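Engineer: One structure is given below, represented as structure tokens, and several questions about it will come after.
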Amino acid sequence: MRALQVVVLLGAALQAQPVAEPPTLLPAVATTQLATSLAVASAQRRHVWRDTPPLEGDYVRAYIEIGRGDRRKWEFDMRANRRAIDRIMPDSLGGYPVNYGFVPQTVSYDGDPFDVLVLGPPIEGGSIVSGVIVGLMHMEDEKGLDSKVVISRVDARGQPLHALTVADRERIAGYFRVYKTHEADKFSAVPGWGSVAEGRAFVDVTHRFFKECRGKSGLPCRL
């Protein structure tokens with residue numbers, strides 16, 4: 001009975017731990033990029049990044065740039081409103097270990113849309129899918145903080161189709177730790193993983209950046 005009480009108390013203590021909030025300051029370089037992205041997107045009557053809400057209830061929307069297993073590094077072209085091949089990843093590195101894209105109507109700390117990783121089998125690039133948050137991958141690179149929310153599509157009952165397992169974490173983190181080693185003056189680090197609540201906090205903050213940091217090009221923007 002005592003052991004059971006300890007387990008219950010420990011679980012309650014873990015649930016009570018505060019969520020590590022994402023930084024609420026968008027750097028000047030990112031506000032400049034946000035202004036540029038909005039300007040070039042203005043040529044499009046309907047724009048994927050600018051006009052697609054990031055959330056559908058508790059579901060996060062994701063625009064897929066790169067399907068799992070693809071060695072082609074696709075990047076979203078804001079002006080053209082579609083993805084384009086930027087480069088090919090080396091044979092030794094292999095294809096992306098997870099579906100990769102961005103959350104619409106967000107801007108992250110480097111000025112690009114906030115990244116999303118979608119678990120499960122390959123998804124066709126250019127698709128928009130929705131899913132529930134299952135975690136957050138903390139990441140840093142030469143531009144600064146570059147964390148990525150992890151989601152899973154759901155079944156008919158609204159339950160995630162895929163769990164973020166220990167094996168998934170090792171496989172995905174292992175790739176992103178080394179995927180820039182062939183590029184000069186670039187690096188990446190994956191210091192750890194965050195909770196579902198932390199993932200949602202990043203989505204909310206980066207969406208607020210998108211809405212509230214317009215008109216501040218070249219200046220830091222604090223929420």
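The values are calculated or read from the model by the stated rules, or taken from the named source; none is laboratory data. Model, not experiment: these values are computed from the prediction. So basically every Cβ, Gly included, is an ideal-geometry build from the backbone, and we count neighbours across all protein chains shown.
Engineer: Scan segment 173-223 residue by residue and report those that are under 27 Å from Glu56 (Cβ atoms) and not in a helix (DSSP H, G or I).
Structural biologist: Trp193, Gly194, Ser195, Cys213, Arg214, Cys221, Leu223
Engineer: While we're on this one: Looking only at segment 59-68, decide whether some residue is in contact with a Pro (Cβ under 6 Å, 6 or more places away or on another chain), crowded, with 16+ Cβ neighbours inside 10 Å and over 16 Å from Val149 (Cβ atoms).
Structural biologist: Yes: segment 59-68 contains one or more residues that are in contact with a Pro (Cβ under 6 Å, 6 or more places away or on another chain), crowded, with 16+ Cβ neighbours inside 10 Å and over 16 Å from Val149 (Cβ atoms).
Engineer: Can you work out which of the residues in segment 13-29 that are modelled with pLDDT under 80 and not aliphatic (A, V, I, L, M) is surrounded by the most Cβ atoms within 10 Å (Cβ to Cβ)? Let's see the steps before the verdict.
Structural biologist: At the first step, the residues of segment 13-29 found to be modelled with pLDDT under 80 are 13-20.
In the following step, the residues that additionally are not aliphatic (A, V, I, L, M) were identified as 15, 17-18.
Values: Gln15: 7, Gln17: 9, Pro18: 6.
Within segment 13-29, the match that is surrounded by the most Cβ atoms within 10 Å (Cβ to Cβ) is Gln17.
Engineer: Among the residues that make up segment 44-66, is at least one of them part of a helix (DSSP H, G or I), in contact with a strand residue (DSSP E or B) (Cβ under 8 Å, 6 or more places away or on another chain) and either more than 22 Å from Trp193 (Cβ to Cβ) or modelled with pLDDT under 95 (or both)? Talk me through it step by step, then tell me what you get.
Structural biologist: Residues of segment 44-66 part of a helix (DSSP H, G or I): 48-51.
If we keep only those that are in contact with a strand residue (DSSP E or B) (Cβ under 8 Å, 6 or more places away or on another chain) too, we end up with 48-49.
Adding the requirement that they be either more than 22 Å from Trp193 (Cβ to Cβ) or modelled with pLDDT under 95 (or both) leaves 48-49.
The answer is yes, given that some residue of segment 44-66 is part of a helix (DSSP H, G or I), in contact with a strand residue (DSSP E or B) (Cβ under 8 Å, 6 or more places away or on another chain) and either more than 22 Å from Trp193 (Cβ to Cβ) or modelled with pLDDT under 95 (or both).
Engineer: Here's another thing I want to ask about it. In this structure, does Val190 turn out to be out of contact with any Lys or Arg (no Cβ under 8 Å at 6 or more places or on another chain) and β-branched (Val, Ile, Thr)?
Structural biologist: Against the criterion (out of contact with any Lys or Arg (no Cβ under 8 Å at 6 or more places or on another chain) and β-branched (Val, Ile, Thr)), Val190 does not qualify.
Engineer: Right, another one. For Ser130, all conditions in the list (1) hydroxyl-bearing (Ser, Thr, Tyr); (2) in a loop (DSSP other than H, G, I, E, B); (3) within 17 Å of Asp58 (Cβ to Cβ) hold save one; what is the number of the exception?
Structural biologist: Just one mismatch for Ser130, condition (2).
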